[in-house]
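**Student:** Would you mind keeping the following structure in view while I ask a few things?
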């Protein structure tokens, strides 16, 4: 049953949940979590870091879970001795564990573990498994208040949240170090509820875009002035890449047309690299016949230099550059798309008072089915940020999205697309 005693939330068949335990004083509380997960109908398995073993023995977790506890990547424990089948992993076991688990929850997640996860360091079983799994990930930080509030830790948490991890914030109170503040591991009932919600969210969304081929544009285009300079913008591509990753996770085929960005391409994504608005225009129209939906998340240059200097321009005085408009990619997509192809546009605005009005005009002018308006003048959201806030406009209404991670916003936008598809199919059947 769930934390409120509702038996209907118990899984019909036990789902495997891997509990990662890292080395903090709160490691002993992971024993309660394992027991609570069993009572909720899950099949918990435990992975421990070497530091966690200094607080609780693997044998204790093995006795409670009924499964061997994995503590090492290697078949021989450090320091030699006989291999213990209850506590030893193997060089490939992290792959099997990653592929067979339904969810990974790390509680407690120390500052060190969060840092390793955020930066792709795989030097033990838990960090290696994290990189190898496609299952939902729930992270429950616990540490000293100063460590929790340190900008480095907060940046790591923001990055992990953007990549789709569920963060269960620590509670406040008296800490083992003697200080008072945020850093306590969240209550067990909260952690179990987070497991349920993460799995239910994945189950609800899993495969709902399996019939879609989504063409997504991302990043900021660059228009050359001379061989070394260009006109550009502050777009990082994070929103478009988050949309690509979320769409792939929900079963869609994704064609990502990407302007320059430092972001890694989501696994399974077909990527087309472009620099200029003209190149993006050509790539989008070339692949448009394949698409069942187009999401224009790129920040496309509206203008480009009419002439590009053949040599680097020298600083000889004032410089005048004549600009000409670039092709309107979204308008051409709206005009050339086949019946049933959805079009979701983006609009970056800097005047909050006129943002929705301007967005409504652009929605009609572009011929889009929906438009996502975000006020990039607000600090901490929009361009080159891990968070965003927006208003989604459709022909039937609008919906405000509060500040959230771009990964979370990607899910909201895809949910809107699913709703648009369902409405279109209802209208088709009504004819």
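The values are calculated or read from the model by the stated rules, or taken from the named source; none is laboratory data. The structure displayed is predicted, hence computed values, not measured ones. Please note: Cβ atoms are built from the backbone with ideal geometry, for glycine as well, and neighbour counts cover all protein chains shown.
**Student:** Do the conditions hold for residue 251, that is, is it touching a helix residue (DSSP H, G or I) at 6+ places or on another chain (Cβ under 6 Å), modelled with pLDDT under 95 and either part of a loop (DSSP other than H, G, I, E, B) or more than 21 Å from residue 368 (Cβ to Cβ) (or both)? Step through it out loud before you land on a result.
**Tutor:** Details: touching a helix residue (DSSP H, G or I) at 6+ places or on another chain (Cβ under 6 Å): no; modelled with pLDDT under 95: yes; either part of a loop (DSSP other than H, G, I, E, B) or more than 21 Å from residue 368 (Cβ to Cβ) (or both): yes.
So residue 251 fails the test.
**Student:** Also, quick follow-up: Of the residues that make up the range 227-235, is at least one in a loop (DSSP other than H, G, I, E, B) and buried (at least 23 other Cβ atoms within 10 Å of the Cβ)?
**Tutor:** Quick first cut of the range 227-235, residues in a loop (DSSP other than H, G, I, E, B) only: 227-229, 232-235.
Then drop every residue that is not buried (at least 23 other Cβ atoms within 10 Å of the Cβ), which leaves 235.
Yes, the conditions are met somewhere in the range 227-235.
Residues checked against (1) surrounded by 20 or more Cβ atoms within 10 Å (Cβ to Cβ); (2) modelled with pLDDT of 75 or more; (3) within 29 Å of residue 411 (Cβ to Cβ):
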{"residue": "121", "(1), (2), (3)": "no, yes, yes"}
{"residue": "143", "(1), (2), (3)": "yes, yes, yes"}
{"residue": "155", "(1), (2), (3)": "no, yes, yes"}
{"residue": "179", "(1), (2), (3)": "no, no, no"}
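**Student:** Just for the range 378-394: of the residues that are surrounded by fewer than 19 Cβ atoms within 10 Å (Cβ to Cβ) and out of contact with any strand residue (DSSP E or B) (no Cβ under 8 Å at 6 or more places or on another chain), which one is farthest from residue 158 (Cα to Cα)?
**Tutor:** Residue satisfying both the conditions and the ranking: 379.
**Student:** Now for a different question. Do we find a residue being more than 17 Å from residue 130 (Cβ to Cβ), assigned by TED's automatic domain parsing to the domain that holds residue 147, in contact with a helix residue (DSSP H, G or I) (Cβ under 7 Å, 6 or more places away or on another chain) and at pLDDT below 95 anywhere in the range 80-102?
**Tutor:** Within the range 80-102, one or more residues are more than 17 Å from residue 130 (Cβ to Cβ), assigned by TED's automatic domain parsing to the domain that holds residue 147, in contact with a helix residue (DSSP H, G or I) (Cβ under 7 Å, 6 or more places away or on another chain) and at pLDDT below 95.
**Student:** Can you tell me which residues in the range 36-58 are free of Cβ contacts under 8 Å to residues at least 40 places away in the same chain and in contact with a helix residue (DSSP H, G or I) (Cβ under 7 Å, 6 or more places away or on another chain)?
**Tutor:** If the condition is that a residue be free of Cβ contacts under 8 Å to residues at least 40 places away in the same chain and in contact with a helix residue (DSSP H, G or I) (Cβ under 7 Å, 6 or more places away or on another chain), then 44, 46, 52, 55, 56 are the ones that fit.
**Student:** Out of the strands (runs of 3 or more DSSP E) lying entirely within the range 255-355, which hold 2 or more residues that are in contact (Cβ under 8 Å) with a residue 24 or more places away in the chain and more than 24 Å from the chain's Cα centre (by Cα)?
**Tutor:** Working: elements: 270-273, 293-296, 303-305, 323-325, 342-349.
Hits in the range 255-355: 303-305.
For (1) touching a helix residue (DSSP H, G or I) at 6+ places or on another chain (Cβ under 9 Å); (2) farther than 21 Å from residue 217 by Cβ, each residue gets a yes or a no:
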residue	(1), (2)
353	no, yes
384	yes, no
394	yes, no
400	no, yes
404	yes, yes
413	yes, no
416	no, no
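**Student:** Tell me whether the range 189-196 contains one or more residues that are within 19 Å of residue 23 (Cβ to Cβ), assigned to a helix (DSSP H, G or I), modelled with pLDDT of 90 or more and in contact with a helix residue (DSSP H, G or I) (Cβ under 9 Å, 6 or more places away or on another chain).
**Tutor:** Residues of the range 189-196 within 19 Å of residue 23 (Cβ to Cβ): 191.
Filter once more, keeping what is assigned to a helix (DSSP H, G or I): 191.
Then drop every residue that is not modelled with pLDDT of 90 or more, which leaves 191.
Then keep just the ones that are in contact with a helix residue (DSSP H, G or I) (Cβ under 9 Å, 6 or more places away or on another chain); that gives 191.
Yes, some residue in the range 189-196 is within 19 Å of residue 23 (Cβ to Cβ), assigned to a helix (DSSP H, G or I), modelled with pLDDT of 90 or more and in contact with a helix residue (DSSP H, G or I) (Cβ under 9 Å, 6 or more places away or on another chain).
**Student:** How many residues are within 18 Å of residue 410 (Cβ to Cβ) and in a loop (DSSP other than H, G, I, E, B) if we restrict to the range 356-379?
**Tutor:** Of the residues in that region, 3 qualify.
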